[in-house]
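Input: a single structure, listed below in structure tokens.
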Amino acid sequence: MRQLMYVMLFILIAINTQAQSDTFTTAKGLLVVNPVYHGSLWMKWNTLTIAVDPYGGAERYAAMGKPDIVVITDIHGDHMDSSTLVNLDLTKATLVVPQAVQEKLVKILPAGTKMELLGNGGSKSLQGIHIRALPMYNLPDTPGIRHPKGRGNGYILDMGGKKVYISGDTEDIPEMRALKGIDIAFVCMNQPYTMDINQAASAVLEFKPAIVYPFHFRGQGGFSDVEEFARLVKAGSQPIDVRLRKWY
């Protein structure tokens, strides 16, 4: 009976993931984007699987299989979720992490787990994917804030010329507003941890990604109004494609 329950759970996860998947053409094969939960997603590009901030239980990632690259933005439990990570098969994975995350993961993951350390402004090419780390932080950047500048990373992943931006936990910082040529953006919006929908819409309208997914939008007071975020973006720039998905 228990085995049957696990099979049914896997099927339900696979169906839900497939229903949310979007496929994009790149210069070197197809890119498939799979929203998962909160700030978590995974992507398939050619033969590679890339996981972003796995969170909420390894079973949510059952349809993914073994990841080749795992990107982690920060030390908080909804990004560096140790209970999820220790139950994923990371035997062939390289984890891309900031130093603060690395210092914690070496204490909980098996010895020999491959990690690539990236700080703000650093970059690395892994298996044909160019990864650049960007700042993510609260404004103003003062002592005691939840997300100080330099601790965590946002990322740009370039896969076959398709540039994917992952905001991490941030407000509408100058480094985000200055972005150029972003094809797909995942932008957070939850108070009081990151920014509100007005800040997020304003930033998106400035850096103008071709496609934006609002994600990570559960805050202290519930869920941010992503429909209103979409309205604000569409009112300011019709060409930006706002994609709302079921993250919760």
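The values are calculated or read from the model by the stated rules, or taken from the named source; none is laboratory data. Source: prediction; values computed, not measured. Note that we place each Cβ from the backbone using ideal geometry, even for glycine, and neighbour counts take in every protein chain shown. For the accessible areas, the whole protein counts, side chains as well, though only heavy atoms, and no ligand, DNA or RNA atoms are used. Shrake-Rupley method; radii C 1.70, N 1.55, O 1.52, S 1.80 Å.
Criterion first (within 16 Å of residue 53 (Cα to Cα), touching a residue at least 60 places away in the same chain (Cβ under 8 Å), surrounded by 15 or more Cβ atoms within 10 Å (Cβ to Cβ) and not charged (D, E, K, R)) does residue 115 satisfy it? Write out each step before concluding.
Details: within 16 Å of residue 53 (Cα to Cα): yes; touching a residue at least 60 places away in the same chain (Cβ under 8 Å): no; surrounded by 15 or more Cβ atoms within 10 Å (Cβ to Cβ): yes; not charged (D, E, K, R): yes.
For residue 115, the condition - within 16 Å of residue 53 (Cα to Cα), touching a residue at least 60 places away in the same chain (Cβ under 8 Å), surrounded by 15 or more Cβ atoms within 10 Å (Cβ to Cβ) and not charged (D, E, K, R) - is not met.
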Just to be sure I understand the filter: pairs with C-beta atoms under 6 Å, separated by 6 or more residues or on different chains, first member in segment 231-248 and within 13 Å of residue 187 (Cβ to Cβ), second member assigned to a helix (DSSP H, G or I) and at pLDDT 95 or above. Which pairs pass?
232/201; 233/201; 233/204; 240/233; 242/230; 242/233; 244/226
Members of segment 12-41 that are of a type in the set (Phe, Trp, Tyr) and either within 15 Å of residue 52 (Cα to Cα) or at pLDDT below 95 (or both):
37
So which residues in segment 155-209 are farther than 18 Å from residue 235 by Cβ and of a type in the set (Phe, Trp, Tyr), if there are any at all?
155, 165, 186, 193
Looking at 173, 156, which one is closer than 19 Å to residue 33 by Cα and in contact (Cβ under 8 Å) with a residue 12 or more places away in the chain?
156
Regarding residue 107, is this residue in a strand (DSSP E or B), more than 23 Å from residue 36 (Cα to Cα), charged (D, E, K, R) and open to solvent by 60 Å² or more (accessible area, probe 1.4 Å)?
no
Go through (1) under 16 Å from residue 166 (Cβ atoms); (2) in contact with a helix residue (DSSP H, G or I) (Cβ under 6 Å, 6 or more places away or on another chain) and name the single condition residue 87 misses.
(1)
